[in-house]
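Below is one structure, written out as structure tokens; the observations come after it.
The values are calculated or read from the model by the stated rules, or taken from the named source; none is laboratory data. Since the structure is predicted, the reported quantities are computational estimates derived from the model, not experimental observations. Here the Cβ positions follow ideal geometry from the backbone for every residue, glycine too, while neighbour counts run over all protein chains shown. With ligands, DNA and RNA removed, areas are computed over all heavy atoms of the protein, side chains included. Shrake-Rupley method; radii C 1.70, N 1.55, O 1.52, S 1.80 Å.
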Amino acid sequence: MSQGAFLSIQDVERLLADPSPAARADTAAKVARAYNGPVLSASERDLAQAIIAALARDTEASVRQALAEQLRDSRDMPRSLALRLARDIAAVAMPLLQYSPVFTDADLIELLQAVSPQHQSAIASRAAVSVDLADALIAHAAEPAVVVLMNNRGASVGPAQMDRALDRFPDSRGLGDALARHPNLPPKFAARLIAQVSDALREALIARYHIPPAMAADTMMQLRERTLLGLLGGGAAPPALADLVADLQKRGQLTSMLALRALAGGDLAFFEQTLAQLAGISLGNARLLIHDPGRRGLAAIYQRCRLPQDYFRMVEAVIELARGFDFLRGAVERAEFAEMVTAMVLADFAALWDPQEQRWLTRRRSRAQAAQRMAA
């Protein structure tokens, strides 16, 4: 070997005497460091490359991890070897996915669709992320990786990417916080984030983008109401539901829009109980009026509760759809009804709801479909 030999006789003797994972990992690190350096002859480089390829198949993860750590900045690392290690467990793959210059955007886009969220987060944290790679991450990566991307100031992220990220993860606190801190956040997204971020960031957004207090309050109300309806899931028992609705009214949170959102999401029981509470009548009498075949009863209680007239046709359509359902039979029937209602509302009455509400209704429909599949 030359003067710059990357393995001494002592290294070989140690490896033969102690073939433990630790010894192999030390050897892997030494070979990889030498491979990155300028002192190897052509024959030594060929030998080092063969040793590295063998060590990359070592059964011990610490050996492969040592290789990846030492080779993460190498421009001479064979691409085939880099791709092999990039598909390894996260501890091995992440240094290369985050730092290696041998990957093309096409490599990374293909990889991110076949690896774990930890792998994806490493890709999202690269020093430079192109528009194409950012688009692929937003389309295919898990939420944690998209949050990392939005926190990465070296990523090519503009309004189009932010919009798609918010569409995929509209209720993500982590994404909301990342976007709220982004120096290039367009004002049009600020109001959408009000309901997602921490109190401190919320105040900062309101001040930075001069968001009217009424708009911020309405956004927060929408979030609270959608969250409440999501927790109920259309399956609360009547006594518990009556107590909840009474408590909401006592605290001034029983709004007409909460009732309408519940009905649009397929929760007929909450709608009935809310109208009974708002009208100051028993649940039985409220149901008689709501389901009056002549529809005069529905119009009467609707007017008494002062619900917005723009939504009356939607309410009529949902009540008509409910006539064919036996809700006493259980969760499957409620899920089927919710799926049909949300599909109808999105198809025929979408103009009544803003984009955030439409996304919420779409998720309600998906959950109802999933409930039906699980029960099948």
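Ignoring ligands and nucleic acids, what accessible area does Thr362 show with a 1.4 Å probe (Å², nearest 10)?
Around 70 Å² of this residue is reachable by solvent.
If r is the Cβ-Cβ distance from Ser366 to His291 and R0 is 35 Å, what FRET efficiency results, to the nearest 0.05?
Calculated value: 0.80.
Determine the relative contact order of the range 81-181: mean sequence separation of Cα pairs under 8 Å and six or more apart, normalised by residue count, in whole percent.
Reported as a whole number, the value is 22 percent.
Taking H placed 1.01 Å from N in the peptide plane, check which residues at least 5 places from Val129 or on another chain put their amide H under 5 Å from its amide H.
Ala155, Ser156
Take the alpha carbon atoms of the range 139-184, find their center, do the same for the range 107-123, and report the distance between the two centers in whole angstrom.
Their Cα centres are 16 Å away from one another.
Please work out the Cα center distance from the range 332-376 to the range 44-71, rounded to the nearest Å.
Using only Cα atoms, the two centres lie 52 Å from each other.
Just the Cα atoms of the range 95-142, one point each, no solvent: what log10 I(q)/I(0) does Debye give at q = 0.19 Å⁻¹?
The computed values of log10 I(q)/I(0) come out as -0.47.
Applying a 10 Å radius around every beta-carbon, put 167-180, 246-259 in order of their mean neighbour count, most first.
Packing proxy ranking, top to bottom: 167-180, 246-259.
Any chance you could run the full-extension gain for Ala42 through Asp76? It's 0.36 nm times the residue separation minus the Cα-Cα distance, nm to one decimal.
Contour length minus Cα-Cα distance gives 10.9 nm.
Ignoring ligands, DNA and RNA, what accessible area per residue does the range 58-113 give at 1.4 Å, in Å²?
The answer is 45 Å² per residue.
Hey, what did the range 66-120 get for relative contact order, percent, Cα under 8 Å, at least 6 apart?
So the answer I get is 38 percent.
Taking R0 as 56 Å, what's the FRET efficiency between Ala207 and Ala114 from their Cβ-Cβ distance, rounded to 0.05?
Efficiency, rounded to the nearest 0.05: 0.80.
For the range 152-199, which whole percent of the accessible surface, found with a 1.4 angstrom probe, sits on carbon and sulfur atoms?
Here carbon and sulfur together make up 49 percent of the probe-accessible area.
Starting from the Cα of Gln309, step 7 Å along the direction of its Cβ; do the same at Ala142; then give the gap between the two resulting points in nm.
The modelled label-to-label distance comes out at 5.2 nm.
Please work out whether the range 269-376 counts as rounded, prolate or oblate from its C-alpha gyration tensor, where a ≥ b ≥ c are the square roots of the eigenvalues and a/c under 1.5 means rounded, while otherwise a/b larger than b/c means prolate and anything else oblate?
Oblate is the answer for the range 269-376, as a/c is 1.5 or above yet b/c matches or exceeds a/b.
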